[in-house]
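Here the structure is laid out as structure tokens; the discussion comes afterwards.
Where a number appears in this text, it was derived from the coordinates with a stated rule and is not lab data. These figures come from a predicted structure and were not determined experimentally. We place every Cβ from the backbone using ideal geometry, glycine too, and count neighbours over all the protein chains shown.
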Amino acid sequence: MSAESTQSMLRRALDLHQASRFGDAERLYDEVIDTDPRNPDALHLRGVLAQHLGESDVAESFIRRALSVNPRFADAYYNLGIALEAQDRLEDAVAAYRESIRLSADSPDAFHNLGNCLRELGRLDEAIASQRESIATNPRDPNTHNSLGVALYDAGALEEAIAAYDRAIALDPDYAAAYGNKAGALLAMGRLEDAVLAFRRAAQLRHGHGNAKSRTEAIPRHRIHHDAEQVRYLQAHALFPSEYEEYGHALCELDDQLTAESKTNQSVEFGGGINEALAPSFNSFVYLSKDERVDSGSLNQGLDVEAIEQAYLESCPEVVVVDDFLSPEALTGLQKYCLESTIWKRNYDHGYISAKLGHGFESQLLFQISEELRTRFPRIFANHRLAQAWAFKYDSHMRGVNMHADFAAVNVNFWITPDSANLNPQTGGLIIWDKSAPSHWGFKDYNQNSQKMREYLDAQAAQPIKVPYRGNRAIIFNSSLFHETDRIDFKDGYENRRINVTLLYGQGLRTT
């Protein structure tokens, strides 16, 4: 094959690649490589394609072959960094990005990715400097301003972080993540009202815009069933908005159909013009419950503050269980908010779904609880402010959250579903291990790598602390401790779904 025909075939392969016809592109790249095994462009692009397909080890192999032919291939080093980063080989990724920059200083993307890796490694001064280099080369990229803000936030430079988020938002007024990050910095500064506004703006951009999804995605059966149960619950209480009647009918009809066909695990395609009648489940807040603060206080007034603080501070590890945690009015109010509000927008494979600050969980009552905790138990929370909060709602028989640790100083986890829903009072709660995540681990190590965590706990002869489920029970513990949901066996029915709320205070472990 002539050099001209090889280049022509390579151009066709790249066109197919850019058109997302990955199978056809792969065949053409491989054909070029079979004919010309030392073609650096074909090897590099074949590696880029492998990375698009999630095959990071394959991507690394092809790109290294390209670099063996052309050691001054700056773009190949950049894409090698992406492949290495995807394998959590952050130090190697840093080296690849630095080499790409050395060969091509005008490389804002390489500076940006380098900064993100350095931040995850805890090298914050270098991360900030790298993001500033990226901005100097490409000052109109909102993503880099946002990443700079995150690094500044981790370094404790909150005012500078907010300024960086504001620049990102000025460049992209619909940048939901920047609004959410800004809200987190405002929370850390104690500017609660401003934080709530920023969180709500982020949530509206993420879910409340009502726009159709341009790409299809697979929605798990358990998510369809939950949303249909919530629609029926709202309808039964005369709360379902009339303008969403078509959506409610379509969703409940699909749920009935899947139930009749016994399709308990089948996913449903949505987006890209498919099942558009279901859109409000995924891109709209169909109903938000009226949410008010409790004038008499959100926490149980009978809590023995001194005893709880002493138990936490003297325990090793720091874990204390608090029963009758919320006042009756606050418990009822939060239950109502979680049952009625259609804020449950993220689904997980194990059968649970979540609501989170910046995604719809902007409850006035939740913020009241978080502030009263901090001020009423100063010896536990010290100067830590609320950093993040979320709630999980579970399928009655599927699994809960895997083992992980959280990026915070203090974790407050409490349950609000009545005890009558729990079929086994010995389970359904939380298992906390008596060992913390190593301080040098990255976010994915202590939050997602279950095998690594269990191997570490086995090596440390760690022991579990099992806390059974009880309605209105809270557990306050050191966020760096590994923990996981215990086995769940709750009654069927929407009101019986297990709901837990998590509040994170301060900063602890590193994060991405």
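Need one word for the range 305-505: rounded, prolate or oblate. Basis is the Cα gyration tensor (sqrt eigenvalues a ≥ b ≥ c); a/c below 1.5 gives rounded, then a/b vs b/c decides. Write down the numbers at each step before the final one.
Values: a/c = 1.44, a/b = 1.14, b/c = 1.26.
Since a/c stays below 1.5, the shape of the range 305-505 is classed as rounded.
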Residue-ordered couplings for the range 446-463, obtained by feeding phi - 60° into the Karplus form 6.51 cos²θ - 1.76 cosθ + 1.60 and rounding to whole Hz (Gly and Pro as x), are 8, 10, 9, 8, 4, 4, 4, 5, 5, 4, 5, 5, 4, 5, 8, 6, 5, 10
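Can you put M189, M9 in order, fewest other beta carbons within 10 Å first? Provide the component values of the computation, followed by the final result.
On the way: M189 15, M9 18.
Going from sparsest to densest Cβ surroundings: M189, M9.
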In the range 386-512 the DSSP beta bridges are antiparallel at a rate, in percent to nearest 5, of 100
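Using the number of other C-beta atoms within 10 angstrom as an exposure proxy, rank C252, C316 with the fewest first.
Numbers: C252 17, C316 8.
By the 10 Å Cβ count, ascending: C316, C252.
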Karplus ³J(HN,Hα) for the range 67-76 (6.51 cos²θ - 1.76 cosθ + 1.60, θ = phi - 60°; Hz, whole; x = Gly/Pro) runs 6, 5, 7, 10, x, 10, 8, 4, 4, 5
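Placing +1 at every Lys and Arg Cβ and -1 at every Asp and Glu Cβ, with all other atoms neutral, what dipole size does the chain have around its Cα centre, in debye to the nearest 20? Before the final figure, lay out the partial values.
Working: 52 positive and 73 negative charges, 72 e Å.
It works out to roughly 340 debye.
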Computed ³J(HN,Hα) along the range 380-397: with the Karplus parameters 6.51/-1.76/1.60, θ = phi - 60°, integer Hz and x for glycine or proline, the list is 8, 8, 6, 9, 6, 10, 4, 9, 6, 8, 7, 10, 10, 10, 10, 5, 5, 10
